[in-house]
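Scroll down for the structure; my scribbles are underneath it.
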Amino acid sequence: MAPLLQMSGIRKEYPGVVALQDVGFELRSGEVHCLLGENGAGKSTLMKILSGAIRRDAGRIMIDGVDAVVDTPADAQRHGIGMIYQDFKLVPELSVAENIFLGNEPTQGRLPLIDYSLMHERSREVIAMLGESIPTAAQVRGLSIAQRQIVEIAKALSKKVRVLAMDEPTAPLTEHEMKNLFKVIRRLKEEGVGIIYISHRLEEIFEIGDRITVLRDGTFVHSCLVAEADKRSLVRWMVGRELEQEYPKIPLDRGGELLRIEHLNAGMLKDINLTLYQGEILGLAGLVGAGRTELARVLFGADPRESGRVTLGGKEIAPRSPREAIDAGIGLLTEDRNAYGLIMQMSVRENITLSNLKEVASGPFLSRSAESAVAERFTSELRIKTPGIEQQVEHLSGGNRQKVVLARWLFTKSSLLIFDEPTAGIDVGVKFEIYQLINRLAQEGVGVIVISSDLPELLGVSDRVAVMCEGRLTGILSRQEATQERVMLLASGETALEGFRG
Amino acid sequence: MAESVTRSSKTFKALVGEFGIAIVLAAEIGLFALLSPYFFTAENILNISLQTSIIAIIAVGMTFVILTAGIDLSVGAIVAFTGVIVTTVLKMNAPYPVALLCVVLSGLAIGAFSGALAGTFVTKLKITPFIVTLALMTIWRGAAYMFTDGRPVWGLPDAFSLLGSGRLFGVPVPTICMVIVYVAAYVVLDRTRFGRHVYAVGGNPEAARLSGVPTDRVVLKVYMLCGMLASFSGILLASRMNSGQPNAGQMYELDVIAAVVVGGTSLFGGRGSVVGTFIGAMLIGVLRNGLNLMNVSSYVQMILLGVVILSAVLLDRLRGR
Ligand SMILES: Nc1ncnc2c1ncn2[C@@H]1O[C@H](COP(=O)(O)OP(=O)(O)OP(=O)(O)O)[C@@H](O)[C@H]1O
Ligand SMILES: [Mg+2]
């Protein structure tokens, strides 16, 4: 029997980059086919070609062994191809339900009027299927990034599909939501849907995948059953070399007190007390909506605080804007790099220097050569894959965009750096480099707070782990004490008796 | 079907994208040069630059505003209000240097004040720029009529007309002003921190704020700059007409916005340059001048202007493809 979907000889060229070159793979019905590869390997490009979002320069797409025309998203829908994009395609002004049924609105019988009650009901059903409860009338603008991802997934599930491509669906999700998603995937498999799954979290591949195809630099490298692969071989195919350990932890060399938060209240945050030392890496754990991002934003002056005292390096600070926070020595790498991090129309160079233009200017005048030198240094240090520093960040792959924002904050030379989901959508090789980079910062005496939904990662990089639940700090664990079980317990609201104050 | 793009068409597209409207401008100039022997003379070229200078100077301010994804509809009214105020100040017959100082200061103060008002409403009260500046437009226009009872201000000292009608080394003074404004604006946008902040705010305001860009202050400054360039143009225009006309600058906002957008600056913010705006302003100025030389009626001129704007913008879209 012909496979459900077959792509072969696919080629796509952009000015200065060959994104895909003679790439192909097969998807059978009822299987989860994982696409793997480094940042910029061409995974998303291949999926966008499949969904008709962009056009290929050459190659064939066959469905049930027959050549299929997939030139536009409408063509793709007609063939039953569903897609969850890596960058959200939701309309922020519309409600959850309106987004889920965008372009596919149920009508009242023959009348061209939208049947809102049916739309909300069906939306609630799909969201419930994912084990979540998001009000379907809420505007997408006000949702957290994890909730948006749930809506994005619900949108794809609301349609009848035969092929479902998911481009890093779990990047902003925690364990809990991931498990629910996997349940849904298993059910779709039973119904014979073919699923293409992209993720940089390798554990997930072994849990949900049936077969893998690995791309590197836009070319096909390897394809096999998941059962025939292990983590080492996956990494070798992707990166082209071996990586020894996953988390290169350096023993803590704790300096003096750097940050002290006392009785901080703001919005959902209730009475937060926390101390951070120079050279320390503190992990912030918690479920989605626990208030980790809020805490980071308040410290950074992006959101107002109601009461409490914060000292940095012995001096009391109360930044009223990010500018003041940056001047005081705080940096925040925001979650959702596309909405809150990057200026898409700007080049790699301009995005890297944006927070610290003073450093590359004399008075009001920018020095192009100083700026270029900085950008060149960071693109090579972080191995940002781009045809040049003048490339618009809009044209970079997801992981490489993340590296650009990372470079921006490294260039501010802050004494306290907060990383909110620093490795979301980053490939294994680069993850390793980022861990090393965070270690290096710590060794230089910078205090680092890491927020991550990837719990093993958080435990792997942190010296201490602070756990939050519903706006409160429910416990602080040392590296030795911090096990997945204890963190999860605290994250669900059980208060620890030991080590409450840091 | 898979698209196959040949190398030559790619480079053609790249060329068109890079120099799109410049090509249109060149074609336009070539056409008029063929049709009218007088068109391509030094005198006529200086004449075009003089006629276009006022719109072109305001368009610089508008470029800044549009780069932040804003709009300023009040520029034409500011031109008129500034004109009647400075001419009235002039008629107080202060000694020459003092009078000049008063004119410039009072004129620029009007633009700065109006811009500050617009900027404050936009940033602090979060009202859309379109509405805020629409309101300011009718306020200043009304103020200009009220202040003069609807009658022009005449009888100004002769020296005043030097600003708008004088020449330096044979070049009209407004033309010189225009060149200075463009060079300065280019440097500011391309080479200063403020300029970079303008692009950042237009590209993604929230990301810019979280990167430490003082977004509100940037927007405020941009509207003040636009207002001041409008009032400066108001002084130039009053000087050229040697009077303060309350109905001066009628519909200027449309010509100005057309120049900016034809010049490739995105109404959504974050993309564009004053080089483009300059070419856009010249495109419109050359068209007017050329059609006048050929005695084309002003009604037909309006239609042709619309056609040229549409085709220029269309050509610019090729860049995105
Ligand atoms: N619109 C574009 N213009 C220019 N280059 C592009 C464009 N889109 C993608 N590219 C380039 O194509 C290559 C493949 O990008 P793609 O987004 O497919 O990578 P990816 O495998 O999905 O990476 P990631 O894991 O980081 O998401 C990259 O080098 C990228 O810079
Ligand atoms: Mg991708």
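The values are calculated or read from the model by the stated rules, or taken from the named source; none is laboratory data. If you're wondering where the values come from, they're calculated on a predicted model, not measured in any experiment. FYI the Cβ positions are ideal-geometry reconstructions off the backbone, even for glycines, and counts take in every protein chain you see. Areas reflect the complete protein model, heavy atoms only, side chains present, ligands, DNA and RNA absent. Shrake-Rupley method; radii C 1.70, N 1.55, O 1.52, S 1.80 Å.
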Please tell me if residue A:109 is farther than 30 Å from residue A:229 by Cα, at pLDDT below 90 and either away from ligand 1 (no atom under 16 Å from the Cβ) or within 14 Å of chain B (Cβ to nearest Cβ) (or both). yes
Residue check, residue A:3 open to solvent by 10 Å² or more (accessible area, probe 1.4 Å), more than 16 Å from ligand 2 (Cβ to nearest atom) and more than 30 Å from residue A:229 (Cα to Cα): no
Candidates A:181, A:164, A:188, A:118, filtered to the one that is closer than 22 Å to residue A:79 by Cα, part of a helix (DSSP H, G or I) and more than 16 Å from ligand 2 (Cβ to nearest atom): A:188
Only one of A:30, A:65, A:16 that is within 14 Å of chain B (Cβ to nearest Cβ) and either surrounded by fewer than 22 Cβ atoms within 10 Å (Cβ to Cβ) or among the hydrophobic types (A, V, I, L, M, F, W, C) (or both): A:16
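Residue-by-condition table, conditions (1) out of contact with any helix residue (DSSP H, G or I) (no Cβ under 7 Å at 6 or more places or on another chain); (2) open to solvent by less than 10 Å² (accessible area, probe 1.4 Å):
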site	(1), (2)
A:283	no, yes
A:288	no, no
A:291	yes, yes
A:303	no, no
A:306	yes, no
A:316	yes, no
A:320	yes, no
Kindly indicate whether any position in segment A:389-399 is within 11 Å of chain B (Cβ to nearest Cβ), over 21 Å from the mean Cα position of the chain (by Cα) and surrounded by fewer than 21 Cβ atoms within 10 Å (Cβ to Cβ). no
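Looking at residue A:54, is it surrounded by fewer than 21 Cβ atoms within 10 Å (Cβ to Cβ), within 16 Å of ligand 2 (Cβ to nearest atom) and either more than 21 Å from residue A:226 (Cα to Cα) or within 26 Å of the chain's Cα centre (by Cα) (or both)? Spell out how you get there, then give the answer.
Working: surrounded by fewer than 21 Cβ atoms within 10 Å (Cβ to Cβ): yes; within 16 Å of ligand 2 (Cβ to nearest atom): yes; either more than 21 Å from residue A:226 (Cα to Cα) or within 26 Å of the chain's Cα centre (by Cα) (or both): yes.
So residue A:54 passes the test.
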Going through A:215, A:234 one at a time, which residue ends up being away from ligand 2 (no atom under 16 Å from the Cβ) and either open to solvent by 20 Å² or more (accessible area, probe 1.4 Å) or under 23 Å from the mean Cα position of the chain (by Cα) (or both)? A:234
Set A:426, A:438: member being within 11 Å of ligand 1 (Cβ to nearest atom) and at pLDDT below 95: A:426
Which count do you get for residues in segment B:225-259 that are open to solvent by 10 Å² or more (accessible area, probe 1.4 Å), hydrophobic (A, V, I, L, M, F, W, C) and within 14 Å of the chain's Cα centre (by Cα)? 9
I'm trying to understand the selection: among the residues of segment A:432-452, which are within 18 Å of the chain's Cα centre (by Cα) and open to solvent by 20 Å² or more (accessible area, probe 1.4 Å)? A:432, A:433
Just checking, how many residues over segment A:359-416 are out of contact with any Gly (no Cβ under 9 Å at 6 or more places or on another chain), within 23 Å of residue A:279 (Cβ to Cβ), away from ligand 1 (no atom under 16 Å from the Cβ) and not charged (D, E, K, R)? 2
Taking segment A:243-266 as the search range and keeping residues that are touching a helix residue (DSSP H, G or I) at 6+ places or on another chain (Cβ under 6 Å) and of a type outside the set (Val, Ile, Thr), which one is most open to solvent (accessible area, probe 1.4 Å)? A:247
Could you pull out the residue among A:371, A:324 that is in a helix (DSSP H, G or I), out of contact with any helix residue (DSSP H, G or I) (no Cβ under 9 Å at 6 or more places or on another chain) and either within 18 Å of residue A:449 (Cβ to Cβ) or within 12 Å of chain B (Cβ to nearest Cβ) (or both)? A:324
Flagged pairs (Cβ under 6 angstrom, 6 or more apart or on separate chains; first in segment A:27-50, more than 22 Å from residue A:87 (Cβ to Cβ); second within 13 Å of ligand 2 (Cβ to nearest atom) and modelled with pLDDT of 95 or more) are A:32/A:197
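Rundown of residues vs (1) free of Cβ contacts under 8 Å to residues at least 12 places away in the same chain; (2) in contact with a helix residue (DSSP H, G or I) (Cβ under 7 Å, 6 or more places away or on another chain); (3) assigned to a loop (DSSP other than H, G, I, E, B), yes/no style:
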position: A:3; (1), (2), (3): no, no, yes
position: A:12; (1), (2), (3): no, yes, no
position: A:25; (1), (2), (3): no, no, no
position: A:56; (1), (2), (3): no, yes, yes
position: A:69; (1), (2), (3): yes, yes, yes
position: A:88; (1), (2), (3): no, yes, yes
position: A:91; (1), (2), (3): no, yes, yes
position: A:102; (1), (2), (3): no, no, yes
